[in-house]
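Below is one structure, written out as structure tokens, with a few remarks after it.
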Amino acid sequence: MAAARADTLQPVELADGVEIQLRVAGPAVRSMAYTIDLLVRLGIYLVVWIAAIFLVLPGLGMELTAGLMLLFMFFMEWFYNVIFEAGARGATPGQRSMKLRVMSMTGGPVTLAQAVMRNFLRVVDFMPALYLTGIICMLFTKRFQRLGDLVANTVVTYADPPPAPVAVTEIRAERRAPAQVLTREEQAALLQFIERAPLWADERRIELAAVAEPLTQAPGVEGLRRLCGMALWLQEPEEKRGTPPPLKGAPLFRS
Amino acid sequence: MRLEDMTVVLRPRQPWEAVDLGCAMVRRDFGRLLLLWASTVFPLWAAVCVLLRSAPEWIPLVVWWLKPLYGRVPLYFLSRAAFGVRPGFVETWKAWPRLWLSNFLPALLWRRFSFIRSFAMPAQMLEGLRGSAANRRVKTLAMDGGGSGSSLSYAFSKIELVAWLGLMWGTYELLPESAQPDWNGLYQAFDIENTIPDAFLWWGAACHMIVVSLVEPFYVGAGFALYLNCRTRIEGWDVELAFRRMATRLSGAAAVLIACFAFSGGQAIAQEAEGKDAAKVVKEVLKDPAFEVHKIKTKEWVPEFDAPDLPTVPKLDFLGVIGEVLFWLVIVGLVVWLVIYLVNNRQMFVTRGVSKAPVRAPKVIMGLNITRESLPDDIVAAARAAWAAGDFKEALSLLYRGSLSWLVTRRHVPISDSDTEEDCLVHVLKAGEKTEASYFKQLTGAWVQIAYAVLPVSDEEMKSLCDQWPFVEKGGEA
């Protein structure tokens, strides 16, 4: 059962035995990024065409201007992605706006060679027309790779760190060490609980605290209070900050 | 619903990541989903095709319009598979009529144009709400994920459209000419009925169905995952799941402890079970991609030429023959040149100062220069003069050298430069004339006496040596 659990994090084992998790991005968000890039390129062509008509055409004539424009478009079509992806941010403007970036499978930035390979192979992914091969390939590979990615050993991942909820809520509970030794997953769950609890309704909080009753050994609000105390203790075991003392009748959560 | 059995890793994700999760879920079960799809949707399409057989241009529109129905069976499967209970085919087929008939009209009429169709579908189908309650519920959920829901619809309709056009464009050239539209006529007269053949329309409809079958399950799965993500964020499903596991562990530990006290034989049974589990665990671990055995197969492409094509290519074998001949010519030339060079420069290999002597006579014996040039013309006179001057050693040296020189050059006595006086005498006695030999014997005695023993030689002896000097040109020899 464990082997078949679906997840968006894809583990990759590096050569030195370290396992990293890649937040790979799928076809939907990548198609959005591609559309934005396409619009950016079309916009650039439009601007350059108009500029050429007024600045270059009178001097060089129609044929030479058209030739220069075709050359310019050729370089844009082939190297727009390469230059941006091999650059410092590892993302085209479209990918950046969707908060994506291209990465090597090892989690490092792509090299110029990888960027060239994955983008020149767009021709193959485009086949038979309109990226049909690329779309199908992305839908059916584990890390959402199109053929160019598979060959260049790259992935497109989310660039920004996972969202960290801002907790400005004051929690009136007394710090207390958990009554039993907790595993890392359980500690993480407790921390998640204390970070996200302010977003939930009171009933839901008590419901969740009731699930954790074997740990708190208390039902209802008292269980919730103990659970919050343990989570606070995990956040900061030493009493560095003075915790507001639990007031009788005062709400447990106060923004 | 048992959260513990979830086969999906839940955590609060960003909307697009949730969409990716949906894609991953669908990909995992795509085979089964496609089978369910084929068994439920294809009959409907067949019916549509039969009904619209005289107007195939309307088929894609109807197929598109009926889309809300298609996703219901896959959603039924996905929602159960996500919670660890994969429904069998029979079970799914039994649920099929109920799934399609519930919410039938709203879904196909006023909700058809909802931008959050796939996101709202789980709320409508799985939560069992009806009417205004369902609307409220969808609205509540959409507060958090509605924007992403419509982005999702946009992204997938774009993918679907692009894939459809791509498939038609990519296979256009494969169509028989009778099935290809007359584009010129279409542009000029805009006469759709006569310029676009029915075959083209049928084929376009078929392409549309193929693409919908491919993309729609992913769209439905993505909407479901977005819905899951929404509820995970709102209700903390991932936290609940972790808490449930913790509760099981904490209370389970206590239960085991009690069991150990209760049954004495419990331990053995537990161990046996553990052994079985270990084999299972090993199998599961080995399923991991990290243990996959990769093989690299290298295939070499050898271009094949057809035999009939070969005669057109001029025969170039003679070039090889010429090349070989040239090669050997160069080698022979090199060897000849080397020989000539060595012959011309052979003095490089010979010690300097040794001229082409007419005889191989040594020039130096026992450190004494015996070449004719180093000696005076009249050796006897020179010796007498040296003797008169009191230089006895020089006088005898002259005589001795002169005699050796004569013997070596004229008589060809085989004396080598390493021979001693004794050796020389032996050689001379063997090879030389009697008079010369006896004279040489006397001379050697005198020379050894003065040169090594440093004993005086009498004037008489010297006189007799000079008088008897035999090594002169005689008669015809002069």
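Just a few scattered comments:
- Of all residues in the range B:388-411, those that are within 11 Å of B:Leu443 (Cα to Cα) have Cβ atoms under 6 Å from Cβ atoms of residues that are in a helix (DSSP H, G or I) and aromatic (Phe, Trp, Tyr), 6 or more apart or on another chain, in B:Leu396/B:Trp447; B:Tyr400/B:Trp447; B:Ser403/B:Phe440.
- The range B:124-141 - residue that is of a type outside the set (A, V, I, L, M, F, W, C) and under 18 Å from B:Pro68 (Cβ atoms) and, of those, farthest from the chain's Cα centre (by Cα): B:Gly131
- Positions within the range B:155-184 being of a type in the set (D, E, K, R) and touching a helix residue (DSSP H, G or I) at 6+ places or on another chain (Cβ under 9 Å), in sequence order: B:Lys158, B:Glu160, B:Asp182
- When the residues of the range A:208-249 are filtered to those that are of a type in the set (S, T, N, Q) and more than 14 Å from A:Val181 (Cα to Cα), the one that is modelled with the highest pLDDT is A:Gln217.
- Being among the aliphatic types (A, V, I, L, M) and at pLDDT 90 or above holds for only one residue in B:Leu141, B:Leu165, and it is B:Leu165.
- Some residue of the range B:227-234 being free of Cβ contacts under 8 Å to residues at least 40 places away in the same chain and either within 10 Å of chain A (Cβ to nearest Cβ) or among the hydrophobic types (A, V, I, L, M, F, W, C) (or both): no
- Of the residues screened, B:Trp406 is one that is aromatic (Phe, Trp, Tyr), surrounded by 10 or more Cβ atoms within 10 Å (Cβ to Cβ) and modelled with pLDDT under 85.
- Filter result for the condition that a residue is within 22 Å of A:Leu224 (Cβ to Cβ), modelled with pLDDT under 85, in a loop (DSSP other than H, G, I, E, B) and more than 8 Å from chain B (Cβ to nearest Cβ), over A:Ala164, A:Ala179: A:Ala179
- Scanning the range B:121-148 for residues that are assigned to a helix (DSSP H, G or I) and either closer than 20 Å to B:Ala95 by Cα or not assigned by TED's automatic domain parsing to the domain that holds B:Gly71 (or both) gives B:Met121, B:Pro122, B:Ala123, B:Gln124, B:Met125, B:Leu126.
- Filtered residues of the range A:25-61 (kept if of a type in the set (Val, Ile, Thr) and more than 16 Å from A:Ala91 (Cα to Cα)): A:Ile44, A:Val47, A:Val48, A:Ile50, A:Ile53, A:Val56
- Condition check for A:Pro58: assigned to a helix (DSSP H, G or I), more than 7 Å from every other protein chain (Cβ to nearest Cβ) and at pLDDT below 90: yes
- Within the span defined as the range A:24-43, one or more residues are over 24 Å from A:Thr133 (Cα atoms), away from chain B (no Cβ under 14 Å) and over 24 Å from the mean Cα position of the chain (by Cα).
- Sole residue being small (Gly, Ala, Ser) and within 14 Å of chain A (Cβ to nearest Cβ), chosen from B:Ala38, B:Ala46, B:Ala18: B:Ala18
- Candidate set from the range B:382-434 (those that are polar (S, T, N, Q) and in contact with a helix residue (DSSP H, G or I) (Cβ under 8 Å, 6 or more places away or on another chain)); member that is farthest from B:Trp469 (Cα to Cα): B:Thr409
- A:Leu190 vs. criteria modelled with pLDDT under 85, assigned by TED's automatic domain parsing to the domain that holds A:Cys228 and closer than 30 Å to A:Val24 by Cα: no
- All conditions in (1) under 25 Å from B:Leu51 (Cβ atoms); (2) at the interface with another protein chain (Cβ under 8 Å from one of its Cβ atoms) hold for B:Ala222, with the sole exception of (1).
Rundown of residues vs (1) surrounded by 15 or more Cβ atoms within 10 Å (Cβ to Cβ); (2) in a helix (DSSP H, G or I), yes/no style:
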| position | (1), (2) |
| --- | --- |
| A:Arg23 | yes, no |
| A:Leu42 | no, yes |
| A:Thr65 | yes, yes |
| A:Phe75 | no, yes |
| A:Phe79 | yes, yes |
| A:Val82 | yes, yes |
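- Single unsatisfied condition, B:Ala155 versus (1) more than 8 Å from chain A (Cβ to nearest Cβ); (2) modelled with pLDDT of 80 or more: (1)
- Qualifying residue in the range B:159-175 (condition: touching a Ser or Thr at 6+ places or on another chain (Cβ under 7 Å) and either within 14 Å of chain A (Cβ to nearest Cβ) or not in a helix (DSSP H, G or I) (or both)): yes
- Entry remark, the range B:430-444: residues being surrounded by 15 or more Cβ atoms within 10 Å (Cβ to Cβ) and modelled with pLDDT of 80 or more number 7 in total.
- Yes/no for A:Phe140 being within 14 Å of another protein chain (Cβ to nearest Cβ) and out of contact with any strand residue (DSSP E or B) (no Cβ under 9 Å at 6 or more places or on another chain): yes
- The range A:184-193: number of residues that are over 23 Å from the mean Cα position of the chain (by Cα) and more than 7 Å from every other protein chain (Cβ to nearest Cβ): 3
- Residues in the range B:215-236 that are in a helix (DSSP H, G or I) and either over 48 Å from the mean Cα position of the chain (by Cα) or of a type in the set (Ser, Thr, Tyr) (or both): B:Tyr219, B:Tyr227, B:Arg231, B:Thr232, B:Ile234, B:Glu235.
- Residue in the range B:262-285 that is in contact with a helix residue (DSSP H, G or I) (Cβ under 8 Å, 6 or more places away or on another chain) and either at pLDDT 80 or above or within 14 Å of chain A (Cβ to nearest Cβ) (or both) present: yes
The values are calculated or read from the model by the stated rules, or taken from the named source; none is laboratory data. All figures in this text were calculated on a predicted structure; none of them were measured in a lab. Because the Cβ atoms are built from the backbone with ideal geometry, glycine has one as well, and the counts that use them run over all protein chains shown.
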